[in-house]
Amino acid sequence: MKATVMKATVTAHRDFTIARIDDRIYSAFLEHLGRAIYSGIYEPGHPTADKNGMRGDVAQLVRDLKIPYVRYPGGNFVSAYNWEDGIGPKEGRPVRLDLAWHTSDANQVGVHEFQDWCDAVGTKPMLAINLGSRGLDEARNFVEYVNGPTGSFWGDLRKKNGRADPFDCRIWCLGNEMDGPWQVGHKTADEYGRLANETAKTLRAFDKTLELVVCGSSNSDMKTYPEWERIVLEHTYEAVDHISLHMYFANRKGETQNYLSLNHKLDRYITTVESTINLVKANKRSKHDVAISFDEWNVWYHSNEQDRAILAGSEGWPHAPRLLEDIYNFEDVLQVGLILNTFIRKSNVVKMACIAQLVNVIAPIMTEPGGAAWRQTIYYPYYFASIFGRGTALQLAVTCPGYDAEHDDNVPYIDIAGVHDAEGGTASFFAVNRHPTEALVLDLSLQGFGGKAQVIDHQVMTHADLRATNTLGAQNNVVPRKGQGAVVAGGNLTVSLPPHSWQMIRVSLG
Ligand code: AHR
């Protein structure tokens, strides 16, 4: 009997597009949490540290990612944070207890040090305001301190602390996960919506051009979702530009095929909030647009068990302990590829997204204090999407067999996103083969681009062991390799995608 070959037929056409991708979907997040800041980006005395105590090895790995924005300083941390603790001479800054993570923070990094680091690594800050334990007045003071002119109280204080020129931070998050009962200062949707609207109004009185992000749901399993979004937007619609969503991905039961269907849940989450935005827009007869800022996403579950003691408070108030240090495996490469593909396909409404987080804490980059910095497995799909996933998202027509899973029925074995870079004359395709044992032959029609397409790059990630990781002692166990066998003939690209694999195929369009 002749063995059947599993096939995916895909059609791409230069005129079938979704949206211009906002580069800011490749942004990231850094919180004062565990070793993200201390011995993550900041470690005076490290052999690679610069004059500000920032690690040069980490800075280079970050720089390579070309990250547009980094959200800071939290996260749950921000909901009890006093931004004033992080300014002025370092020796005078207070040590505070961090109520979110049961640790302590000596405030050696604050908004000045963070801005200097952003300048050094070629990114920009997206700052979060404390609307948990604090309110409108501290918010306006913070924004004036960061962006205000000298010749006024806060601008002059900034100058005294070393920066005469305003930082000119354009994007501000109005609190963090205010729907979460775990949050310091958790609020109902009405309470938060009113406060967020008044805060937005006040910040706009200072500068109407700021981009403001209001909190949506912490995840789509929250009891208050999606009513939270509707109520909060009813209060704030005209005053904000983005609504923030968060989602973390986990494979606690070790069920790979279900795990790999989670991005269908992500897709529904985004689509539901998109509909809610449109509902409120219609209710208000508004011309204003609100987009989604997916400003926390990643895999997070590997470290849950080892974090319990610290989070329960049984270790006192340690400074920068190992917390949320997920060691990612090859399976997570597939998951991160699927998440990024989803953002590309939803680029009509997702205008910002932040991988959470960036260094040590559920992060693509790991460090050893005094030692090396290395790339976790998930660094790679994020890197390739950030570098080559810029342009216009293509509306691909896809036909492929599928399987029934926890988060959807008939989940296609192939997940694919396409990006057309018209200026560069290239198209990049990011594909995951979800099938555990069978290769998939991709037949991708490029005839809609005319010209003579040619394969210019093909990167593949696959591994015999789904649980394989990159560690201090084995930093290159899971890495991309050059793919083989991708050819374009008669305007059709064909390539075989190995079982459980991620790949990027780039073509020049002639
Ligand atoms: O990124 C870790 C935490 O996850 C953040 O502090 C919080 O916003 C979310 O619950």
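The values are calculated or read from the model by the stated rules, or taken from the named source; none is laboratory data. Bear in mind that the values here come from a model prediction, so they are computed numbers and not experimental data. All Cβ positions, even for glycine, are placed from backbone atoms using ideal geometry, and neighbour counts span all protein chains on display.
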### Query
ILE344: within 16 Å of the ligand (Cβ to nearest atom) and β-branched (Val, Ile, Thr), yes or no?
no
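Filtering segment 299-309 down to residues that are more than 14 Å from the ligand (Cβ to nearest atom) and of a type in the set (D, E, K, R), which residue is nearest to ILE362 (Cα to Cα)?
Of segment 299-309, the ones more than 14 Å from the ligand (Cβ to nearest atom) are 305-306, 308-309.
Then drop every residue that is not of a type in the set (D, E, K, R), which leaves 305, 308.
Working: GLU305: 14, ARG308: 15 Å.
Restricting to residues being more than 14 Å from the ligand (Cβ to nearest atom) and of a type in the set (D, E, K, R), the top hit is GLU305.
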### Query
Within segment 187-200, is there a residue that is among the polar types (S, T, N, Q) and touching a strand residue (DSSP E or B) at 6+ places or on another chain (Cβ under 7 Å)?
yes
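Counting only residues that are on the phi > 0 side of the Ramachandran plot and away from the ligand (no atom under 16 Å from the Cβ), which one in segment 84-114 is surrounded by the fewest Cβ atoms within 10 Å (Cβ to Cβ)? Give the steps one after another, and end with the answer.
Keep residues of segment 84-114 that are on the phi > 0 side of the Ramachandran plot, which gives 88, 102, 107.
Still in the list and also away from the ligand (no atom under 16 Å from the Cβ): 88, 107.
Details: GLY88: 16, ASN107: 22.
The extreme case among them is GLY88.
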### Check on THR224, more than 16 Å from the ligand (Cβ to nearest atom) and either more than 20 Å from GLY135 (Cα to Cα) or of a type in the set (Val, Ile, Thr) (or both)
no
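Can you name every one of the strands (runs of 3 or more DSSP E) wholly within segment 298-391 that holds 2 or more residues which are in contact with a Lys or Arg (Cβ under 6 Å, 6 or more places away or on another chain) and touching a residue at least 12 places away in the same chain (Cβ under 8 Å)?
Working: elements: 350-356, 365-367, 373-375.
Passing ranges, in order: 350-356.
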### Message
Could you check segment 233-252 and list, in sequence order, the residues that are away from the ligand (no atom under 16 Å from the Cβ) and not polar (S, T, N, Q)?
### Response
LEU233, GLU234, HIS235, TYR237, GLU238, ALA239, VAL240, ASP241, ARG252
### Task
Considering only residues that are within 16 Å of the ligand (Cβ to nearest atom) and of a type in the set (D, E, K, R), look in segment 28-67 and name the one that is surrounded by the most Cβ atoms within 10 Å (Cβ to Cβ).
GLU31
### Message
Under 7 Å between Cβ atoms, which residue pairs at least 6 apart in sequence (or on different chains) link something in segment 160-186 that is at pLDDT 95 or above with a partner that is within 12 Å of the ligand (Cβ to nearest atom) and β-branched (Val, Ile, Thr)?
### Response
ASN176/VAL78
### Query
Restricting the search to segment 68-83, which residues are among the aliphatic types (A, V, I, L, M), crowded, with 22+ Cβ neighbours inside 10 Å and either away from the ligand (no atom under 16 Å from the Cβ) or part of a helix (DSSP H, G or I) (or both)?
VAL78
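Here is a yes/no grid of residues against (1) closer than 26 Å to VAL478 by Cβ; (2) more than 15 Å from the ligand (Cβ to nearest atom); (3) within 26 Å of the chain's Cα centre (by Cα); (4) not basic (Lys, Arg):
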{"position": "ALA282", "(1), (2), (3), (4)": "no, yes, no, yes"}
{"position": "VAL290", "(1), (2), (3), (4)": "no, yes, yes, yes"}
{"position": "TRP297", "(1), (2), (3), (4)": "yes, no, yes, yes"}
{"position": "LEU311", "(1), (2), (3), (4)": "no, no, yes, yes"}
{"position": "PRO318", "(1), (2), (3), (4)": "no, yes, no, yes"}
{"position": "ASP326", "(1), (2), (3), (4)": "yes, no, yes, yes"}
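Among the residues of segment 176-195, which ones are away from the ligand (no atom under 16 Å from the Cβ) and under 25 Å from the mean Cα position of the chain (by Cα)?
Filtering segment 176-195 for residues away from the ligand (no atom under 16 Å from the Cβ) gives 188-191, 193-195.
Correct list: ALA189, GLY193.
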### Message
Let me spell it out: the conditions are (1) hydrophobic (A, V, I, L, M, F, W, C); (2) farther than 30 Å from ASP105 by Cα; (3) surrounded by fewer than 24 Cβ atoms within 10 Å (Cβ to Cβ), and ALA312 meets all of them except one. Which number is the exception?
### Response
(2)
### Task
Kindly check whether there is at least one residue in segment 11-30 that is over 15 Å from the mean Cα position of the chain (by Cα), hydroxyl-bearing (Ser, Thr, Tyr) and within 30 Å of ASP295 (Cα to Cα).
yes
